[in-house]
Every structure is written in C-alpha cells, then in structure tokens.
Amino acid sequence: MSIVYIGIGSNLGDRRANINRGIDLLNQLKDTKVEKVSSLFETDPQGGPPQGRFLNGVLQMATSILPLELLAKLKWIEKRLGRKKTEVCGPRPLDLDLLFYDDVVIKGKELEIPHPRLHQRIFVLRPLAEIAPETVHPILNKSIARLFEEFRANSYENN
C-alpha cells in the first residue's frame, strides 16, 4: 500500500459536512483506508472571484490505487458532492488535491506530484505539518515542518 496525502477543503454549503462526506467516500474506495485527518482550519480563498472562506485540512490515506486512477476518483467524489467546472479557483462544495503519493515525482499533463504549489500554501502546510511533520518533499528535500516554518518566517518578514 502507498501512503498519500490529500488536501481537502470546502467553501460552499455546510463546509464541515461536505468534508466529512468526502472523507466517508474516500474510505469507501476499494483498497483504500483513511488513516489520519488533520484539524480543519478556516482560510481565505486564494485567487478567483470574490467568495466565502474555506475550511481546509489534510488527510493521510493508504491505498493501492495508482496515481492517475486515484486522481480520477478524487474528481468523481468532488463531482458527486456538487462541484461544477465554472471558473478557475471558484467556490466549491469540495476540493480534493493529491499532494503526495509516497515519494513519487510525476510531472505530467494531467497530474503533477508532489502538488506544485503545496509549499506556498498555508492552508496545506499547516494541516500537513500537524499530521506529517517529518515527511520530506521529494523535490525540495525539506521536511514539511521545515517548509511550514520557512513559510511562516517569510510571511512575517513580508508583513
């Protein structure tokens, strides 16, 4: 089984219920088990049109589903919970992002692992540091704890 980390968020409807339903659907996937779920944090949207705040977290999952098939299943779950393709970074009832898949590096047209912007997003780093601080980014060769501390230090310097 591979260990994967998935960012989970919602800013439409009952955000907590949407996230819980998404986790339930992930647990129902064959050969998959959600092992850890971070705390949920309220965050401002990044880009896109004016919209409500997000509730975000990260989960750790064990799976034997291969990366591209897993991505398809994540998109299916988002759609099942009401996500519609509107505008980029628009509001959504559920957002699932594949952050890490073991220490695999993929740079494809459909999928990039690790997620290319995870080290620039507090709404990913904070919950990921809570459940997987020692996980090492396979391209940046830094632990999540270190990336989180560097992000926070740079944010304070820029404010």
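We did not get these values from a lab; they are worked out from the coordinates using the rules stated. None of the values given here were measured: they were computed from a predicted structure. Cβ coordinates were reconstructed from backbone atoms using ideal geometry, including for glycine residues, and neighbour counts include every protein chain displayed.
For a paramagnetic label modelled at 7 Å from the Cα of VAL136 toward its Cβ, which residues of the stretch 89-110 fall within the zone defined by backbone nitrogen distances under 12 Å?
103
How large is ³J(HN,Hα) for each residue in the stretch 3-11, as worked out from phi by the Karplus curve 6.51 cos²θ - 1.76 cosθ + 1.60 (θ = phi - 60°), to whole Hz, x for Gly and Pro?
Per residue, the Karplus-derived 3J(HN,Hα) values read 9, 10, 10, 10, x, 10, x, 7, 9 Hz.
What list do you get for SER143, SER10 if you sort them by fewest beta carbons within 10 Å?
Details: SER143 16, SER10 27.
Ordered from fewest to most neighbouring Cβ atoms within 10 Å, SER143, SER10 come out as SER143, SER10.
Taking loop as defined by DSSP and a crowding limit of 15 other beta carbons within 10 Å, which trypsin sites (Lys or Arg not before Pro) in the stretch 1-35 fit?
Details: sites: ARG15, ARG16, ARG21, LYS30, LYS33; in loops: LYS30.
Counting only loop positions with at most 15 other Cβ atoms within 10 Å, the trypsin sites (Lys or Arg not before Pro) in the stretch 1-35 are LYS30.
Along the stretch 102-116, what does the Karplus equation 6.51 cos²θ - 1.76 cosθ + 1.60 (θ = phi - 60°) give for ³J(HN,Hα), rounded to whole Hz, x for Gly and Pro?
6, 10, 5, 10, 10, 10, x, 5, 8, 8, 10, 10, x, 3, x
Taking GluC sites (Glu not before Pro) as exposed when DSSP calls them loop (any state but H, G, I, E, B) and at most 11 other Cβ atoms lie within 10 Å, what is the longest stretch of the chain free of them, the sites themselves excluded? Don't skip to the answer; put the middle values down first.
Numbers: sites that count: GLU87, GLU110, GLU134.
Counting at most 11 other Cβ atoms within 10 Å as exposed, the longest clean stretch of the chain is 1-86.
Do the sum for the chain: with -39,500 (n - 2.57) for every DSSP H run of n ≥ 4, divided by all residues, what is the mean residue ellipticity at 222 nm, to the nearest 500 deg cm²/dmol? Mind dumping the intermediate values first?
Details: 4 runs with 52 residues, N = 159.
My calculation for the chain gives -10500 deg cm²/dmol from helical runs alone.
Determine the sum of side-chain charges near VAL124: Lys and Arg each +1, Asp and Glu each -1, restricted to other residues whose C-beta is under 10 angstrom from that of VAL124.
Cβ neighbours under 10 Å give a net charge of +2.
For the chain, what's the radius of gyration and Dmax over Cα atoms, in angstrom?
Spelled out, the Cα radius of gyration and Dmax of the chain are 15.0, 46 Å.
How far is the Cα center of the stretch 1-17 from the Cα center of the stretch 54-128, in Å?
So the separation of the two Cα centres works out to 8 Å.
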